[in-house]
Every structure is written in C-alpha cells, then in structure tokens.
2 protein chains.
Amino acid sequence: MPHTRHTERHFTAGETVRDIVIGMSDGLTVPFALAAGLTGAIDHVGIIVTAGLAEIAAGSIAMGLGGYLAAKSAAEHYAKEREREKREVVEIPDEEKREVAQVFHSYGLSHEESAPIVEALSKQPKKWVDFMMRFELGLEKPDPKRAFVSAFTIAASYVAGGLIPLAPYIVAVYVKQLSVATALLLSVAVTLIALFVFGFIKGRYTGTRPMRSALQTALIGSIAAGAAFLIARLIS
Amino acid sequence: MPHTRHTERHFTAGETVRDIVIGMSDGLTVPFALAAGLTGAIDHVGIIVTAGLAEIAAGSIAMGLGGYLAAKSAAEHYAKEREREKREVVEIPDEEKREVAQVFHSYGLSHEESAPIVEALSKQPKKWVDFMMRFELGLEKPDPKRAFVSAFTIAASYVAGGLIPLAPYIVAVYVKQLSVATALLLSVAVTLIALFVFGFIKGRYTGTRPMRSALQTALIGSIAAGAAFLIARLIS
C-alpha cells in the first residue's frame, strides 16, 4: 500500500513519547536549577534535598493533574461542540451547507466546483458532522481514555527526570566526605549529560536535528540553573 | 454576515489568554507548593524565600525558553513538510491526487463524488499544498513571530503567579512579628483566593463552567501543596 508508506514518512512523535518529553523536559530542568540555585545560598545539603523533593512532588502533581483535567475539559468541549453541529445540520442545513462551501472556497474552489461534494456530504449527517468538526472548527477528536495514562506518564517522567540532578545531593546526605560544592559539580555533570542525551533522543522523535535539539535542551537547563543560582546568591 | 456571527459562537481562547493561562497555572501552583512544603520542614523564612525565588526563576525560564524553542521547531517542521508537499504535487501529482481523494473517502464520499474537487484543487498548486498541509497532515501554519511574544507572556505570567504565594513570606523577612507559620497561613489564604479567581476567569475563556474550573484549579494547587508539605515533613 503506497499510501500508508507515504504518510509514514510524515510520522513525528507518538503520544506516549510526547508525554515523556513534556514531563522529562521540565523534570530535568527545574529541580536541577532549584538545587543548583540553593547551593549558591545554603551550605546545608539536607535542606537542598528537602526543597528538591518538595519541588518534584509539587511539579509532577501540577503537571500530571493539570494535564489530566485539561484533557477532560478538551474532551467535554469537543462533545459539546459536536452536539451543537449535530443539531445544526438538522435545524439549519442550508446554513451548514454554506459553511462547507465556505471551507472549500478558502482553498480557491468556486461554488460550482464544491457543489457536488456539499450535496454528497449532506446526505450522510454523521460524516457531515465529522467534517465540520475537523475542517470548520479544526477540532480533533480527543481520546478520553488517554487522559489518565497521559497524566501518569507526564508525572512519572517528571519524577524520573527530577531525581537525576538530586541524586548527588542525596548521596551527600549519607556520605559525609562529599561536600555540597562537590555535589553541585556532580549534579551539573550528570544533568548536563542527561539533558544532552534526552535532547538528542527528543530531536529524533520530534523531527528536529538531534544534535541541535541536544544542545538546545542542555542550554535551557544551563540558563535556568544559572539564573536560579544568581538570584539565590544575590538575595541570600 | 451570518457566517461570521455563527463561527464566533465557537470562539474559545485567544493565543495571549492561552499563554497567560499556561504560565499562571504553574506559577500559582508550584512556588506555592514548594514554599508550603518547605514550611513543613524549615523554620527559616529567608531560606523559603530564596528557594521560592530560585524556583520562580528556574520555572519561568524553563517554560518561556522551552516554549520559544518548541515554537521555533514547530515552525521549521511546518516549513520542511510544506517544501516536501510542494515538491510532491509537482513530481508525483497522481499520488497526491489519490491522497486528496483518500481524505474525502474517509468522510464517506465516493471517488466519483470527490473527482471534481480533486481536479479543481490540482489546477491551483498553492491552494493544493495548503489543503494537503491542513487536511492530510493536520498541520496548522504557525506564526514564527508569535514565538517570542508567547515565550515572554508565559514567563511573565509564571513570575506574576509565583510572587503571590511568596508575598507573605517576603513580608515576614522584614516584619519580624510575622512568624513562618503565620506566613504559611496567609500564603495559603491569598493563593487559594488567587487560584479560585484565576480558575474562574480561565473557565470563562476556555469554555469550561467557571465555577467548576475555579474549584478544580484550587484543588490542584491544594493537592500539590499538601503533597509537597508531607514529603518535606517526612524527610526532614
């Protein structure tokens, strides 16, 4: 089937990959920047770990639960608009036909050229409604079952990402020979490597050049951490 | 113009409103939860303010800069796919015509019904490419100039949102009579009110019932703050 092969070349990111990318981008960046920032102000590794874990809890819940409720709202919005279109193709079919013709008109087709398709659509109300949702309103049908899985994937990726920069600080709580300054250096090293690898993989899945995506991702983390470090040092 | 009036009823959120919602949702939630969490573990208001401001810096940069680069990537991805479609309508027009027919076929139209529109489109290569971008690939043309404004709006909204829960702690740094516990109570009070008002307004713009949006937004903030508080208390 040449058609399938052809569309596959346009493939970018699956939904699970997208959720992992969303969660891990922020998870690797914000806890890293917070821990680095606090190291500029506080010489107590226990407080940095506490703040880091509190941030991971807050950030993962805010992203996961926020994403879950946003997805539920989007599904309800879609259902509501669909009901409206369903009513309208019955109650004001001529107006709706004009809207279909209008969609084609915006692609340069005359009324005469689009008339057959408008008539054909109007004979199949269900398909007609599908058409209006997609082409007039630009709404894709959301999958309500995905909301929970999506929320969990985002939150888990945030936690997984956030534990990487915190790991050296957590070790430093137990290994007294490891100073806070050394923990910061180790955290910067492992997180930059993780951001780089993550950015590279992200680039492969999202269609950006992997090397460029790797450098950009590492850069965002570095700028965020640098700014947090400066602010914490300035006010402490 | 009845058509314009009709589509306006479907209007949901403008792009600037959407950016403010994105930034402020997280800005009101995560710094709030972090400050509340740290209050469960640390009795030093200066450290809480330092951590809160470091988080605001890190979070706003991660969101703003991350959003900016994502928008740039999306614009490049669109341009690349458009170039490909532009080449294909010239090099393999029959294959591309089959793809247009395939789009209409998925809406229940026979080959005969869609043939006139396929022919009409194929006579206007630019419109044809537009059609393929939107209807075959489902890609909307991104506005590259919006990337910077969008990033700035998101970051500024994050900062504005984040300063609300921190304000009582900042006051407590200067007003020695204000204890950390009182600052926490004030922070919870002002932030819950802010989340509620923000959720209400967000609901009005996004089509969710305002009262329900208000309660959901306040709930996410409360759960995130409660989790951060518990984790910080458990490990400290």
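Points worth noting:
- Look at (1) open to solvent by 20 Å² or more (accessible area, probe 1.4 Å); (2) under 24 Å from B:GLU140 (Cβ atoms) and you find that A:MET133 fails only one, number (1).
- Residue list for the stretch A:179-225, filter: in contact with a Phe, Trp or Tyr (Cβ under 7 Å, 6 or more places away or on another chain) and under 19 Å from A:LEU34 (Cβ atoms): A:ALA183, A:SER187, A:THR191, A:THR217, A:ALA218, A:GLY221, A:ALA225
- Residue in the stretch B:114-127 that is most open to solvent (accessible area, probe 1.4 Å), counting only those that are more than 8 Å from every other protein chain (Cβ to nearest Cβ) and of a type in the set (A, V, I, L, M, F, W, C): B:ALA115
- Among the residues of the stretch B:12-59, those that are assigned to a loop (DSSP other than H, G, I, E, B) and either small (Gly, Ala, Ser) or closer than 26 Å to A:ILE220 by Cβ (or both) comprise B:ALA13, B:GLY14, B:GLY40, B:ALA41.
- Residue within the stretch B:149-160 that is within 30 Å of A:SER106 (Cα to Cα), surrounded by 16 or more Cβ atoms within 10 Å (Cβ to Cβ) and in contact with a helix residue (DSSP H, G or I) (Cβ under 7 Å, 6 or more places away or on another chain) present: yes
Residues are listed down the side, and each one gets a yes or a no for (1) closer than 30 Å to A:LYS126 by Cα; (2) surrounded by fewer than 20 Cβ atoms within 10 Å (Cβ to Cβ); (3) at the interface with chain A (Cβ under 7 Å from one of its Cβ atoms); (4) within 26 Å of the chain's Cα centre (by Cα):
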| site | (1), (2), (3), (4) |
| --- | --- |
| B:GLY37 | no, no, yes, yes |
| B:VAL45 | no, no, no, no |
| B:LEU53 | no, no, yes, yes |
| B:GLY67 | no, no, no, yes |
| B:ALA74 | no, yes, no, yes |
| B:ALA101 | yes, yes, no, no |
| B:GLY108 | yes, yes, yes, no |
| B:GLU112 | yes, yes, no, no |
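- All positions within the stretch A:213-236 that are facing chain B (nearest Cβ under 9 Å), more than 23 Å from A:VAL180 (Cα to Cα) and open to solvent by less than 80 Å² (accessible area, probe 1.4 Å): A:SER213, A:GLN216, A:THR217, A:ILE220
The values are calculated or read from the model by the stated rules, or taken from the named source; none is laboratory data. If you're wondering where the values come from, they're calculated on a predicted model, not measured in any experiment. Virtual Cβ from ideal backbone geometry, glycine too; neighbours counted across all protein chains shown. Quick note on the areas: whole protein, heavy atoms, side chains included, nothing else; ligands and nucleic acids left out. Shrake-Rupley method; radii C 1.70, N 1.55, O 1.52, S 1.80 Å.
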